[in-house]
Amino acid sequence: MIKLIALDLDNTLLNSNKNISERNEKVLKELHANGIKVVLCTGRPINAVWRYVEQLDLLGPNDYTVTFNGGMVIKNATKEVLFQDSLKLKGFKLIHDFAKANNLPLDVLDFKQVYSLTDLVKSDYKEVLNANLKFVNAKFEELPNQKYSKAIMSASAEKLDSVRSTMPDDIKNNYHIVRSQPQIMEFLKPSVNKANGLEHLLRKLDLDFNNLMTFGDAENDIEMLQAAKLGVVMDNAKDNIKKNR
């Protein structure tokens, strides 16, 4: 029996104006009121999606959000961290050096803000993301030695296609690489994906993947679409996403 519905945001739950439609809001609130858990499952941090949490009134004692593509699970009412998976700064040196050698931009995110790397080509991630998130300019060597969630390469879809096709194996083998949007490529710890984050949440709620229904459209949704009892791929998804489901 389906007891939890996990939804991607961009190009899935959100429309082209980055809003939840009145119809979707009404349906999700009705499901929530009837005991179905509704979980937003996103690559963004909690503060960048908080308005959607509030809009859907997901503020009860058992309401959670899966953030950073499964790298963190947050209890909404208290902002308590249920689960977190991360890399230390040195874990991103490989992709930083690749970006520097190939004149590519890169941003590195901890779990609170974005570091736009000024020793590389200027990034347009802030404009592409267009979310409530703090950006700090810094060189890679200046970043504090702490836990980080992911690195982001933001460029045209065509540029990222080219980068992906020529990327060396040492980069491919050391990161979980996904496109969350056509203009955004993410470099995560190999163990980080939305299905893994959801697995920790399901276990906390005494549920499993047989109780899960997921909705998504992009490469970073594939694992949760495959793991769920019922995975729904949006009609606007690319053919390769539909085939991988």
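The values are calculated or read from the model by the stated rules, or taken from the named source; none is laboratory data. Keep in mind the model is a prediction, meaning the values are calculated, not measured. Here the Cβ positions follow ideal geometry from the backbone for every residue, glycine too, while neighbour counts run over all protein chains shown. The accessibility values were calculated without ligands, DNA or RNA, using every heavy atom of the protein model including side chains. Shrake-Rupley method; radii C 1.70, N 1.55, O 1.52, S 1.80 Å.
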Which percent, to the nearest 5, of DSSP beta bridges fully inside segment 115-245 are antiparallel?
-> 60 percent
The extension gain from Asp57 to Lys159, computed as 0.36 nm times the residue separation minus the Cα-Cα distance, is 32.8 nm
Okay, which of segment 38-52 sit inside 16 Å, backbone N to the point 7 Å along the Cα-Cβ direction of Asn132?
-> 44-52
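Rounded if a/c is under 1.5, else prolate if a/b is larger than b/c, else oblate: which is segment 84-130, with a ≥ b ≥ c the root eigenvalues of its Cα gyration tensor?
It is oblate, given that a/c is not under 1.5 and a/b is not larger than b/c.
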Label-to-label distance, nm, for residues given as Thr78 and Asn210 (7 Å Cα→Cβ offset) = 3.1 nm
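Quick check on segment 14-82: take the gyration tensor over C-alpha atoms, sort the square-rooted eigenvalues as a ≥ b ≥ c, and tell me if it's rounded (a/c under 1.5), prolate or oblate.
On the way: a/c = 2.03, a/b = 1.19, b/c = 1.70.
The shape class here is oblate.
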Mind putting a number on the dipole of the chain about its Cα centre? Charges go on the C-beta only, +1 for Lys and Arg and -1 for Asp and Glu, and I need it in Debye to the nearest 20.
-> 280 debye
Among rounded, prolate and oblate, which fits segment 143-245 when a ≥ b ≥ c are the square roots of the eigenvalues of its C-alpha gyration tensor, a/c under 1.5 means rounded, and a/b larger than b/c means prolate?
-> oblate
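Considering only protein heavy atoms and a 1.4 Å probe, what is the carbon-and-sulfur percentage of the accessible area of segment 1-114? Provide the component values of the computation, followed by the final result.
Working: 2450 of 5070 Å².
In segment 1-114, the share of accessible area belonging to carbon and sulfur is 48 percent.
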Alpha-carbon gyration tensor eigenvalues x 5, square-rooted, for the chain, Å | 30, 19, 17
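What number, rounded to the nearest 500 deg cm²/dmol, is the helix-based mean residue ellipticity at 222 nm of the chain, given -39500 (n - 2.57) per DSSP H run of at least four residues and division by all its residues?
Values: 9 runs with 69 residues, N = 245.
Rounded to the nearest 500, it is -7500 deg cm²/dmol.
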Measure up Lys88/Lys126; Lys88/Lys242; Lys75/Lys100 against 28 Å on the Cα-Cα distance and list the ones that go over.
-> Lys88/Lys242; Lys75/Lys100
Extension gain from Asp169 to Lys88, taking 0.36 nm per residue of separation minus the Cα-Cα distance = 27.1 nm
